[in-house]
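These notes are about the structure you will find just below.
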Amino acid sequence: MKRTFTVIGLGAFGSTVARELARLGNDVLGIDLDPAHVNDIADDITQAVVADARNEDTLRDLGVQDCDAVVIAIGEDLEANILATLTVKNMPKPEVWAKALNHNHHRILHKLGADHIVHPEHEMGLRLAHAMMYPEVVDYISLGHDLFTVEVRVSEKLAGQTVASLNLTERGVQLLLVKHQREMLTALPGDYVFRLGDQMVMAGPLDNLRSISGNL
């Protein structure tokens, strides 16, 4: 279903979000004070404008109040980031996703009522560290409370072993599914034999998943 989004701040992070939302078939309005940023993305999203997002009247003239969600992606000007977040939060409809620059900024955004607060540099750093430590890990998602889902590539060491031989349940981990070529296999029997190229999707506490991922 097509949705409407506004991305305020069209630097590296904001422009990436805006382009991907547009690629997924949504209407996307991009706002930035820098004409160069606006020109760079103008052909890739629905509308890109040079405007001051701290001004509520300006945002309302652009129809921001009618969007489904607004991404505050201003990355260098802390004051502008906070004021834009406050301005959009005064609008009843849009859900607000705000980029935090540091821990104290996160606390301010939380106090302002931002619906979602993201730390892209911090999160990318975590992903890079995990990828370096566990090269077989394809991706992972935090479920909160130290629970994660993780997608692991079946290595030569694991190929030929069965589900039962891994004792995943006893190790506090649940196997959700296995991707085999173009198939998604669920409710796998204990005698299923892993093949090179399979990808396992597991869920459990982070420490348990780390222990297993490091031995696959």
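How far apart, in nm, are the 7 Å Cα→Cβ label points at residue 149 and residue 124?
2.5
Which residues' amide hydrogens lie under 5 Å from the amide hydrogen of residue 46, considering only partners 5 or more residues apart or on another chain, with H built in the peptide plane?
Correct list: 28.
Between residue 12 and residue 191, what is the spin-label point distance in nm, taking each point 7 Å from the Cα along the Cα→C-beta axis?
It works out to 5.3 nm between the two label points.
To make sure I understand the rule: partners must be lysines, Cα under 20 Å from the Cα of residue 179, and not fewer than 8 residues away in the same chain. Which ones qualify?
Cα-Cα hits under 20 Å: 157.
Could the peptides 35-46, 196-207 be put in order, highest first, of the mean number of other beta-carbon atoms found within 10 Å of their residues?
So the order, starting with the most tightly packed, is 196-207, 35-46.
Residue 139 to residue 57: FRET efficiency via 1/(1 + (r/R0)^6), r the Cβ-Cβ distance, R0 45 Å, to the nearest 0.05?
Once the sixth-power term is evaluated, E becomes 0.60.
When the accessible area of the stretch 76-168 is computed with all protein chains present and a 1.4 Å probe, what percentage of it is carbon and sulfur? Show your work: numbers first, answer last.
Details: 3240 of 5630 Å².
C and S fraction of accessible area: 58 percent.
What accessible area per residue, rounded to a whole number of Å², is obtained for the chain using a probe radius of 1.4 Å?
That works out to 56 Å² per residue.
Would you work out if the stretch 1-107 is rounded, prolate or oblate? Take a ≥ b ≥ c from the square roots of the eigenvalues of the alpha-carbon gyration tensor; rounded if a/c is under 1.5, else prolate when a/b is larger than b/c, oblate otherwise.
Note, shape of the stretch 1-107 comes out rounded.
Can you work out the FRET efficiency for the pair residue 39 and residue 95, with r the C-beta to C-beta distance and R0 = 30 Å, to the nearest 0.05?
0.60
Taking Cα extents along the principal axes in Å as the quantity of interest, determine which of [x] 64, 35, 30; [y] 73, 45, 36; [z] 55, 34, 29 was computed from the displayed structure.
Among [x] 64, 35, 30; [y] 73, 45, 36; [z] 55, 34, 29, the one derived from this structure is [x].
Among 117, 98, 211, flag the residue with its Cα farthest along the positive direction of the charge dipole of the chain, charges on Cβ as +1 for Lys/Arg and -1 for Asp/Glu.
Ranked along the dipole, the leading option is 211.
How much of the accessible area of the stretch 1-48, probe 1.4 Å, is carbon plus sulfur, in whole percent? Spell out each step's value before the answer.
Working: 1320 of 2530 Å².
Heavy-atom surface of the stretch 1-48 belonging to carbon and sulfur, 1.4 Å probe: 52 percent.
Modelled label-to-label distance, residue 184 and residue 104, 7 Å Cα→beta-carbon offset: nm?
Each label point lies 7 Å from its Cα, and together they span 4.4 nm.
Please go through the stretch 148-196 and write out the GluC sites (Glu not before Pro) that DSSP classes as loop and that have at most 12 other C-beta atoms within 10 Å.
Hits after loop and neighbour filter: 156, 170.
The values are calculated or read from the model by the stated rules, or taken from the named source; none is laboratory data. Everything quoted here is computed from the prediction, not taken from an experiment. Note: ideal-geometry Cβ built from the backbone for every residue, glycine included; neighbour counts use all protein chains shown. Each accessible area value is taken on the protein alone, full model and side chains, heavy atoms only, with ligands, DNA and RNA left out. Shrake-Rupley method; radii C 1.70, N 1.55, O 1.52, S 1.80 Å.
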